[in-house]
Amino acid sequence: MSTAVNKASLEQQAQALHVSIGHHDYLYYVLNDPQISDAAYDKLMAELLALEQAYPELVTADSPTQRVGAKPLAAFGSVRHAVPMLSLGNAFDDTEVLAFDKRVTDTLHAAGMVGAAGQVQYQAEFKFDGLAISLRYENGSLVQAATRGDGQTGEDVTSNIRTLRSLPLKLMGDYPDVLEVRGEVLMNRADFLALNQAQQARGEKIFVNPRNAAAGSLRQLDPRITATRPLRFFAYGWGQISGELPYQQHSDVLDWLGRLGLPVSPLRRVVDGAQGLLSFYVDTGAERTQLPFEIDGVVYKVNSLAAQEVLGFVAKAPRFALAHKYPAQEETTRLMGIEVQVGRTGAITPVARLQPVFVGGVTVTNATLHNEDEIRRKDVRVGDTVIVRRAGDVIPEVVGPILDLRPEGTELYVTPTTCPECGSAVEKPEDEAISRCTGGLFCPAQRKQSLVHAAGRKALDIEGLGEKLVDQLVDSDQVKSLADLFTLSVEVLASYPRMGRKSAENLVAALDKARNPELERLLYALGIRHVGETTARDLAKHFGSIEALMAADEEALLSVNEVGPAVASSLLRFFAEPHNLEVMQALKRAGVQPQAVQQASSDGLRLAGKTLVLTGTLPNWSRDEATRHILAAGGKVSGSVSKKTAYVVAGDEAGSKLVKAQQLGVPVLDEEGLKAILL
Ligand code: IVH
């Protein structure tokens, strides 16, 4: 075999592997439809690597082994765009869209390109919130990638762009000699959150939003770092293309780019006239928060390429396209102060006081900062210019500071050591992120919140007792506890501002109704930590009366389905607290009497009245699981074997308890035997 033939066949072999790996990358990263296992893919890659190692002359720039590997750069080179990268005119309301459509229709009508009654056809797309990139393919190979820069000249980010696995290094099918593809690089929201978590764990830079993370990841001088960042790309246009364009519509060209193996802007729609544009805007707006990535608007483009040419450009933007923006979800403003709010359980939440800013369609003056750790993590300081975010109906939050704009002399935030509402000490349990006021119901803020909670729909459902009135009742010392609510008279209530006699009467009637709540509602209303609606229901069913619950010891509490040590100890603490006992008595005096509960009886259950002991490791059930099943069947679980033990359930490596059972003649079951009794 001659050397030339041998070389040609090796090249063919390498080429075949390029194509195969490229094809599987496309299936996996673009179509989300992998057709071989990871192991099979790795094998192809290993084969190619081995081949290239043996014959280094086979390594080409578009080999899939060359995605990562380039060395860090000292600086980015600059790239002059063959066709300038333009920007888009913006519209913020329907009127501007109607005016755009009218301008376009009039011009095209004058040019004889639409009939008298005809409507212009548009391609409507997402306006991706990432960064614009131009990719240059020559003879089907990716040779250069550049940022937009000033539109004329951008930065050369080729090595970084190569690491995006969704981008083909080699185009598929019938490609032109030169093809410049334009599109947006971005990061999915979920990937952004995961990246930030990893960054935080490593003590590295936190990004304020996905766009920032995408830009920061792409503008890394070390492509090996970019390679670890989950960047995506969507094509929405093109620059230079050699030869005749094979299509006449913008939408068709994008479809064609898709067939060449490029990820193309998804969920595009071809629409007619202004109404078509506005419907797309509304429909997309409704889906916007469900999308995996962020968009800041939609883009309309006249679909006919001939019409685009007739319309031409003004300054740096085309006349044939328009960006229709959604209200910004993020804005910058000044952080004027950080105050704390005290919640029902004493949880201290720092709240940002902001210079009012219009964001997400409303004016925002306060935003949550979550907790002290979060403030530290984001390093937000009073005086900072901060990014405020309000997406959909989510409560506004401070995303982070703009460090470049930080004034001198700002200080790190520290949580107050005493509660601003009651002066009690503030404590932060070691394993929790949240600081708490230790004032309990002595703290007016906690008292107010617990009253609002007790009056809520899932609790006592006291109609007409809102936050404002609770504030007034507590501030005037009229109401100090839940029980005091039930002593309020029409006269007293009517004496409060903005409280007519009729409303006062209605509230007294509502209070009357609330005197005989279902037991589970009263339990939930008490606001005992860890006792949510479901636990309250389980407790009510199990104990049947408030007296029985108050008398229960730890063992009795733990025997309730779904009650674990945290709930049990919280209940024990609550009912051991003298102040709470006073409130319980006062409630009784005020005539609050929960309805009797049909108690779930344990008679008739398979293990009613029986005590079991678990020892060793069961094959399938953990000890907790086995315990839950036994409790649910009306049985008890004990730690030691006696003559009264009904059964010992023994698994692997059972020890002295099994011996004791045998000595005492207590029946021994394995997991199967236990299941047979339970079922
Ligand atoms: S077309 C000649 N289409 O918006 C028109 N741009 O303000 C060039 N963008 O820098 C842009 N999604 O980064 C176009 N579907 C889309 C887009 C889009 C996002 C960005 C792009 C550009 C900016 C224009």
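The values are calculated or read from the model by the stated rules, or taken from the named source; none is laboratory data. This structure is a prediction, so every number in the text was calculated from the model and none was measured. We place every Cβ from the backbone using ideal geometry, glycine too, and count neighbours over all the protein chains shown. For accessibility, only protein heavy atoms count, side chains too; no ligands or nucleic acids. Shrake-Rupley method; radii C 1.70, N 1.55, O 1.52, S 1.80 Å.
Brief remarks follow.
- Degrees separating the helix 623-632 axis from the principal Cα axis of the chain, which is the longest one: 50
- Kirkwood estimate for segment 240-311, i.e. one over the average of 1/r between Cα atoms, Å: 14.1
- Accessible-area composition of the chain, carbon plus sulfur, in percent [1.4 Å probe]: 50
- In sequence order, segment 308-322 has phi-based couplings of 4, 5, 4, 6, x, 10, 10, 6, 9, 10, x, 7, 8, 9, 8 Hz under the Karplus curve 6.51 cos²θ - 1.76 cosθ + 1.60, θ = phi - 60°, and Gly or Pro positions carry x.
- Under 13 Å from the residue 534 label point (7 Å along Cα→beta-carbon), backbone N, segment 564-585: 564
- Considering only 6, 122, 66, the residue lying farthest towards the positive end of the dipole of segment 1-156 is 6, judged by Cα position with unit charges set on Cβ.
- Accessible surface for segment 611-679, divided over its residues, is 56 Å² per residue with a 1.4 Å probe.
- Amide proton proximity set for residue 418, modelled H, under 5 Å, gap of 5+: 426
- In this structure segment 296-426 gives 46 Å² per residue of accessible area when probed at 1.4 Å with all protein chains present.
- Against the main long axis of the alpha-carbon atoms of the chain, helix 189-201 sits at an angle near 70°.
- Taking amide hydrogens as placed 1.01 Å from N in the peptide plane, the amide H of residue 616 sits under 5 Å from those of 651, 655, each at least 5 positions away in sequence or on another chain.
- Karplus-derived HN-Hα couplings along segment 241-246 (A = 6.51, B = -1.76, C = 1.60, θ = phi - 60°), whole Hz, x at Gly and Pro: 9, 6, x, 6, 5, x
- Over segment 87-170, equivalent-ellipsoid semi-axes from the Cα gyration tensor in Å: 37, 16, 12
- Helix axis angle, 578-589 relative to the chain longest principal axis, alpha carbon, degrees: 70
- Over the C-alpha trace of segment 347-418, radius of gyration and Dmax come out as 12.3, 37 angstrom.
- When each of the peptides 296-304, 224-232 is scored by how many other beta carbons lie within 10 Å of its residues on average, the order from highest to lowest is 296-304, 224-232.
- Positive minus negative residues near residue 178 (Lys, Arg vs Asp, Glu; Cβ under 12 Å): -2
- Size of electric dipole in segment 475-517: Cβ of Lys, Arg +1 and of Asp, Glu -1, about Cα centre, debye, nearest 20: 180
- Note that segment 35-174 presents 49 Å² accessible area per residue, ligands and nucleic acids not counted, probe 1.4 Å.
- Per-pair calculated FRET efficiency, R0 = 25 Å: residue 566 and residue 659 via Cβ, rounded to 0.05: 0.15
- Here the scattering of the chain is modelled by Debye summation over its C-alpha atoms, one equal scatterer each and no solvent; at q = 0.06, 0.07, 0.08 Å⁻¹ the log10 of I(q)/I(0) is -0.60, -0.77, -0.92.
- Vicinal HN-Hα couplings computed from phi for segment 44-50 (Karplus, 6.51 cos²θ - 1.76 cosθ + 1.60; Hz; Gly/Pro x): 4, 5, 5, 4, 5, 4, 5
- Approximating the spin labels as points 7 Å out from Cα along Cα→Cβ, the residue 588-to-residue 205 distance works out to 6.5 nm.
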